[in-house]
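All remarks here apply to the structure that follows.
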Amino acid sequence: MTTGNSIELEADSRSIIAVREFDAPRDLVFSVWTDPKHLAQWWGPNGFTTTTSSFDMRPGGVWRFVMHGPDGRDYQNRITYEDIVPPQRIVYRHGGGEDVEPVRFTTTVTFEDVGGKTRITMRMDFPSAAERERVIREYGADKGLAQTLGRLEQHVAAVSGAARKPLAEREITITRSFDAPRALVFKAWTDAKMLAQWWGPKGFTNPRCEFDARVGGVIRIDMRAPDGAIYPMQGEVREIVPPERLVFTNNALDVDGNPIIQGLTTVIFAEEGGKTELTLHTRGIAVAELAVKYLQGMEYGWGQSIDKLADLLAHGA
């Protein structure tokens, strides 16, 4: 859960300064900056993915990587590490040379222990105020930094949850045929307005339903039970192949925003003479005691959700 989050542009005209707090120990947060397998899960703004070609994290070492934008454009990057003090500080220099994006800046990342949680301060220093404004204008650097730290928060929460001992695990598969074209059924899963109409068991509503239908896109759904209780879920799109395949994480959260169930769901949409056969496979891992009973009702809950989807499609969604 984030307890602090800001982007500061006024303190220094040559700098972008971000502060964010994470409900995880400093050693864990620092570790996701030092392993390219972790970095690939969160580095870059929403919708971006990262491919590493070389990684040498030591003073003078270089990280070479490509950021793949959601529009298909590739951004060549090089980071040279200048100072590393585990788990307190990382300093690196970005850019330089004709084979990378024409952006130069130095970043200092500090990791502060605040009562078992971690406060990150990330300061990007540019050669001039004019260069900072160019990078903000052409690359959206300020918004991109905020989104990158948001993705880091999600990844830290997932890693932190995975570190807990699994208390229970369950997998189910549901197959259902719909008298509706495949493109429409796929849209019902990826369009937030349609998704909000059927997600959850009967009697549940979704006062918040957000679905960013692209790889790396964030999913946020707050289910409201008939008694008014709110059950939040947060996830990320892992694969999306319209209108054939959808893979996403779906992590149930407690009232403080901590994962209590780690979920991974795959949905296959097969066309059958104008109709659609849907196959859903989902796995849930309870990492908190209160979530064990939820897994027991997983098949019932998903079955009712699919029933609501069938009603929606039958009435001309």
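The values are calculated or read from the model by the stated rules, or taken from the named source; none is laboratory data. Nothing here was measured: the structure is a model prediction, and the numbers come from that model. All Cβ positions, glycine included, derive from the backbone under ideal geometry; neighbour counts span all protein chains shown.
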- On the given criteria, is A146 modelled with pLDDT of 90 or more, surrounded by fewer than 20 Cβ atoms within 10 Å (Cβ to Cβ) and either under 22 Å from M298 (Cβ atoms) or not assigned by TED's automatic domain parsing to the domain that holds G257 (or both)? yes
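For every residue, the table says whether it meets (1) in a helix (DSSP H, G or I); (2) in the same structural domain as D23 (by TED's automatic domain parsing); (3) among the hydrophobic types (A, V, I, L, M, F, W, C).
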position: V267; (1), (2), (3): no, no, yes
position: H281; (1), (2), (3): no, no, no
position: G284; (1), (2), (3): no, no, no
position: V292; (1), (2), (3): yes, no, yes
position: I306; (1), (2), (3): yes, no, yes
Quick count over segment 239-265, residues being touching a residue at least 40 places away in the same chain (Cβ under 8 Å), over 16 Å from K187 (Cβ atoms) and not in a strand (DSSP E or B), is 3
Answer yes if at least one residue in segment 62-70 is farther than 27 Å from Q234 by Cβ, surrounded by 12 or more Cβ atoms within 10 Å (Cβ to Cβ) and in contact with a Pro (Cβ under 7 Å, 6 or more places away or on another chain), and no otherwise.
-> no
So, first residue aromatic (F, W, Y) in segment 86-106, second residue in a strand (DSSP E or B), Cβ within less than 7 Å, six or more apart or across chains; the pairs are Y92/I79; Y92/T80; Y92/Y81; Y92/E82; Y92/T107; F105/H94; F105/M124; F105/D125
The correct count of residues that are over 20 Å from the mean Cα position of the chain (by Cα) and assigned to a loop (DSSP other than H, G, I, E, B) in segment 200-235 is 10
Checked pairs for segment 291-314, first in contact (Cβ under 8 Å) with a residue 60 or more places away in the chain, second among the aromatic types (F, W, Y) and in a helix (DSSP H, G or I), C-beta under 7 Å and 6 or more apart or across chains, list as S305/W198; K308/W198; L309/W198; L312/W198
Of (1) of a type outside the set (A, V, I, L, M, F, W, C); (2) within 26 Å of P25 (Cα to Cα); (3) outside any helix (DSSP H, G or I), P70 satisfies every one except (2)
Those residues of segment 272-298 that are at pLDDT below 95 and farther than 13 Å from E169 by Cα come to a total of 4
Scanning segment 4-45 residue by residue, those closer than 16 Å to R151 by Cβ, under 19 Å from the mean Cα position of the chain (by Cα) and β-branched (V, I, T) turn out to be V29, V32
